[in-house]
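The values are calculated or read from the model by the stated rules, or taken from the named source; none is laboratory data. What you are looking at is a predicted structure, and each value in this text was computed from that prediction instead of being measured. Because the Cβ atoms are built from the backbone with ideal geometry, glycine has one as well, and the counts that use them run over all protein chains shown.
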Amino acid sequence: MGQFINLEGGDGSGKKTQTELLVKYARELGLTVGTESYPRYSEPVAEPISRFLNGRYGNPHPELAGLPYSIDRLLGSAAIQEIIAQENSIFITDRFTSSNLGHNGAKFDTPEKRQEYFEFVRNFEHEVLGIPKPDLNIILLVPPEVSQQNIDKKAARNYTDKKRDMHEADVQHLAKAYESYLALATAYPHEYALVDSMATPDRMRSIDDIQQELRGVVRNLLGIS
C-alpha cells in the first residue's frame, strides 16, 4: 500500500506552492504520485461550495456547511484509492477533511463541542462514507494577520470575484481556525505534524526552507533516510 499525505493550514499559508514542490520531489524519489487540490472548484460538485463561500447560504450549522465538501471528497475518493493501492506510491492533497475540521471547528464556543464535531465528521467521512483518511496531515502554521496579507496578494480565483471569501475576510475566524488546527494536532498526534512557517512573528520562512522541512517529514513517513 502507498501513503496518503495531506497539506493543510490556514488561508494564505502557501499550501498550493508547497504541495506542487512536494509532488515534484516525490516523483524524483521514483514514487507513483497522485495529487489533487480540494475543493475541486473545476468540478460541478463544487458549485454549492462556491456559493457558500460567497455568502449565498448565510451561516449554517457546521455539520450542514461541511456536507458539500464531504460529497466532493467522496466523489474524488476513487482516484486516491487507485494510487495508494499500488506499491511505492503516494497521493498528496492540498486540503482535505482537516480543512473542514479546522474552519468549521472554529465556529464552536467550547473545546468540548469542537471535539464532538471533530469526531462526528471523522466518523461520517471515514467510516460511514468510506472516504480515505490521510496517513499524515501536515499543517502549515501562519498567524491570521499574515494569512490575510498573503491572501490579498493572490491572483483572481475561479470560485469567487471577491478579494477575500467569507472566511478569509474575518480575521477573528482565521484566529479561531488556527486554534482549531492546533487542537486537531493535540487530539490526534499520530495523524498530524505541525510546521511553523514563520521566521519571525511577521515574516515567513523562505519557500525552500519550509519545503526542506516538509521533505524531511515525508522521508520519515516513508522510512527513507
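Scanning segment 167-183 for residues that are of a type in the set (Gly, Ala, Ser) and more than 12 Å from Gly10 (Cα to Cα) yields Ala169, Ala183. Count of segment 1-36 residues, restricted to those that are surrounded by fewer than 19 Cβ atoms within 10 Å (Cβ to Cβ) and in contact with a His (Cβ under 8 Å, 6 or more places away or on another chain), is 0. Selection over segment 187-225 of residues that are aromatic (Phe, Trp, Tyr) and out of contact with any helix residue (DSSP H, G or I) (no Cβ under 7 Å at 6 or more places or on another chain) gives a count of 1. Test Ala199 against the stated conditions and say whether it is under 20 Å from the mean Cα position of the chain (by Cα), more than 16 Å from Lys24 (Cα to Cα) and not charged (D, E, K, R). No: the conditions fail for Ala199.
Among residues of segment 184-205 that are under 13 Å from Gly14 (Cα atoms) and among the charged types (D, E, K, R), those with a Cβ under 7 angstrom from a residue that is modelled with pLDDT under 95 and not in a strand (DSSP E or B), sequence gap 6+ or separate chain, pair up as Arg205/Ser197.
Among the residues of segment 37-44, is any surrounded by fewer than 19 Cβ atoms within 10 Å (Cβ to Cβ), within 24 Å of Tyr188 (Cα to Cα) and in contact with a strand residue (DSSP E or B) (Cβ under 7 Å, 6 or more places away or on another chain)? Yes, segment 37-44 contains at least one residue that is surrounded by fewer than 19 Cβ atoms within 10 Å (Cβ to Cβ), within 24 Å of Tyr188 (Cα to Cα) and in contact with a strand residue (DSSP E or B) (Cβ under 7 Å, 6 or more places away or on another chain).
Residue-level analysis places Gly130 among those that are modelled with pLDDT of 95 or more, part of a loop (DSSP other than H, G, I, E, B) and on the phi > 0 side of the Ramachandran plot.
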